[in-house]
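Working notes, beginning with the structure itself.
Laboratory data are not the source of any read-out in this text; all were calculated from the coordinates shown. Given the structure is predicted, the values throughout are model-derived calculations rather than measurements. Neighbour counts are summed over all protein chains in view; Cβ atoms, including those assigned to glycine, are modelled from backbone coordinates with ideal geometry.
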Amino acid sequence: MPPSAKWVGLLVHIRKQIETGELSPGAKLPSTSQLCAEHNVSAIVVRNAMIALKAEGLVVGVPGVGVFVVDANEATGGS
């Protein structure tokens, strides 16, 4: 996989975990170092995937605490 596509692969993987409920609303994502080790990627790859997940509204970062899965009902206004 080309280096530029690695973050997309990680994005798709985490998005699927959220969509299937493997990562439920409020769940804390693994740390950057854990994701690097688990997926054999660099911290830049993880950072780019997190930026995209945040832009999609799937996760939210809490400085100094971590990245958490957003509750879809809260993100859409509780439909």
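Quick look at the numbers
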{"read-out": "Anchor Lys6: lysines whose Cα lies under 20 Å away (excluding residues fewer than 8 positions away in-chain)", "value": "Lys16, Lys54"}
{"read-out": "GluC sites (Glu not before Pro) restricted to DSSP loop in region 16-73 with at most 13 other C-beta within 10 Å", "value": "Glu22, Glu56"}
